[in-house]
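The values are calculated or read from the model by the stated rules, or taken from the named source; none is laboratory data. Quantities reported herein were computed from a predicted structural model and do not represent experimental measurements. Glycine also receives a Cβ, built like all others from the backbone with ideal geometry; neighbour counts cover every protein chain displayed.
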Amino acid sequence: MRTIIIILLAIFLVGCSDSSNKRQSVDKQKPLEVSLEMNPKKVVLNETVTLTAVVKYGNEDISKDADVQFEIIENGVSIGMVSPKHAGEGKYVLDTKFFAPGEKQVVAHVSYKTLHEMPTQSFSVVDE
């Protein structure tokens, strides 16, 4: 009986140490870094705006495996998702125009493996 208890205790301890090793490997995962830029900063009705998401995952080139989409939000309502063009070196670019004045947001949805980042850029479209 004592032998069975010792064996069960040993199995339990091995299981606990194994799960802590898995947790440590997840904790060492690099962060997914995403910045969202807009050019020009002042958005004018019917003029082209370039939206750029710069994606980094340490020093690795993840451009083949990353999923990048821009969500356009007008006056608090999502009007859809757009896939930007990959421009190399972790840059994803979308040239667009806005045809109605008002408050807008662009959310860059970037997924890689189990990571997901969503930087947001808020701005006003003005009629000059």
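Residues of the range 64-73 being surrounded by fewer than 16 Cβ atoms within 10 Å (Cβ to Cβ) and either in a strand (DSSP E or B) or of a type in the set (S, T, N, Q) (or both), which ones?
Passing the criteria: only Asp67.
Check the range 36-51 and report whether any residue there is more than 23 Å from Asp127 (Cα to Cα) and either modelled with pLDDT of 95 or more or part of a strand (DSSP E or B) (or both). Even if it seems obvious, please write down each step before you answer.
From the range 36-51, those more than 23 Å from Asp127 (Cα to Cα) are 36; that's our starting set.
When the remaining residues are screened for being either modelled with pLDDT of 95 or more or part of a strand (DSSP E or B) (or both), the result is 36.
Among the residues of the range 36-51, at least one is more than 23 Å from Asp127 (Cα to Cα) and either modelled with pLDDT of 95 or more or part of a strand (DSSP E or B) (or both), which makes the answer yes.
For a quick check of your reading of the model, give me the residue pairs whose first member lies in the range 96-122 and is touching a residue at least 24 places away in the same chain (Cβ under 8 Å) and within 19 Å of Asn75 (Cα to Cα), whose second is of a type in the set (Ser, Thr, Tyr) and assigned to a loop (DSSP other than H, G, I, E, B), with beta-carbon atoms closer than 8 Å and at least 6 apart or on different chains.
Listed pairs, sorted by first residue: Thr96/Thr48; Lys97/Thr48.
Name the single residue, out of those in the range 32-57 being of a type in the set (Asp, Glu) and surrounded by 14 or more Cβ atoms within 10 Å (Cβ to Cβ), that is farthest from Lys97 (Cα to Cα).
Glu33
Could you tell me how many of the residues in the range 77-88 are under 21 Å from Lys64 (Cα atoms) and either part of a strand (DSSP E or B) or without any contact (Cβ under 8 Å) to a residue 12 or more places away in the chain (or both)?
Kept after step one, since they are under 21 Å from Lys64 (Cα atoms), are these residues of the range 77-88: 81-88.
From the residues that got through so far, the ones that are either part of a strand (DSSP E or B) or without any contact (Cβ under 8 Å) to a residue 12 or more places away in the chain (or both) too are 81-82, 85-88.
The qualifying residues number 6.
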